[in-house]
1. Residue separation times 0.36 nm, minus the C-alpha to C-alpha distance between residue 176 and residue 73: what's the value?
2. When DSSP assigns beta bridges and you keep just the ones with both residues in the chain, what percent turn out antiparallel, to the nearest 5?
3. Need one number for the range 2-71: average projected area of the convex hull over its C-alpha atoms, nm².
4. Over all alpha-carbon pairs of the range 138-233, lay out the pair-distance distribution in 5 Å bins, whole %, shortest bin first.
5. Between residue 362 and residue 212, what is the spin-label point distance in nm, taking each point 7 Å from the Cα along the Cα→C-beta axis?
6. Once every DSSP H run of n ≥ 4 in the chain is given -39500 (n - 2.57) and the sum is divided by its residues, what mean residue ellipticity at 222 nm do you get, rounded to the nearest 500 deg cm²/dmol?
7. Anyone know which of 303, 46, 224 comes out most mobile in the 10 Å Cα GNM of the chain?
8. So what's the gap between the Cα centers of the range 108-134 and the range 142-214, to the nearest angstrom?
Ligand code: PEP
Ligand code: MN
């Protein structure tokens, strides 16, 4: 059971003490407090853990400081959607809103290779009105002999250039806790010119110790990719690890499943799960068409498969698109064959808008039929 307190309730107020006195006397129940400090208000949630079945919802609702009460099912206690659950489905990070009703595009380099390519990419994003990007510095590679990413050495110029071109959020995968410190240090040294959304890649979805460490910090939001060979439920539980450690700013990413049934695509595209994740949880849902499709193949209509699946995800309500672009794909050190060209960015964005408008129209239509 979750008790959502009246905003800005102070933990030193007499009412709060009265509430706590009541809660500690409930037999077989322990409490866990979570505070979310926002720019306008501080929200406090108290989780009652144990046998809460016997508790009366009305009685708890009438305790001091309590604004509302949610009875939670076992699944995804913090990130899940429960009955009468009106907790927020969005968060703000570095002035950018991420939610189940918004759409953010993160076009960028799969892997940072040269300063020049980073600069060309970011300039193009700015020219196209974009404030988010993806930039891989730490690359988990199948072969130990393949390029592993420039790591911390590229961070200062990536962050400086992001500041120069007005990039507010960079999605960046980390594979080890030390990367978190390296990112923090580089941001500090460059004067915090940008924000970072930490990415947990599909190979680390069930790296529980990494999840706990990333979940314990609330400075950076997290994009967690679905594990490529595990069930959706297992991946959603992995996301819940982040939240259970304290970080609620979590986006869930679909990137296709590893099976030959998806051939000739690199992975079997799973964007039919966009509405499923939105139904089961309060997380915004990201799609990664590049790592799903893995090629620049186009259909006879001339549209690239990467663009087709992007539209499919967006028309189903996706909230974020993580997509590989490169100024010279033939020179990319990672995943060049799936990268879109910079001249395709305006086309890609316009195509996305068509799908987004269609999605919004579909939600209007269903509302008309429900009324
Ligand atoms: C990536 O986004 O660069 C990446 C490696 O993705 P995934 O973890 O989905 O393979
Ligand atoms: Mn890649």
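Values quoted throughout were computed directly from the atomic coordinates according to the rules given, and no laboratory measurement underlies them. Since the structure is predicted, the reported quantities are computational estimates derived from the model, not experimental observations. As a convention, Cβ positions derive from the backbone with ideal geometry for all residues, glycine included, and neighbour counts pool all protein chains shown.
1. Once the chain is fully extended between residue 176 and residue 73, it gains 33.8 nm.
2. 45
3. The directionally averaged projection comes out at 4.4 nm².
4. 3, 13, 22, 23, 19, 12, 6, 2, 0
5. Roughly 4.0 nm, to one decimal.
6. Value at 222 nm, helices only: -10000 deg cm²/dmol.
7. Per the Cα network of the chain with a 10 Å cutoff, 303 tops the list.
8. 15
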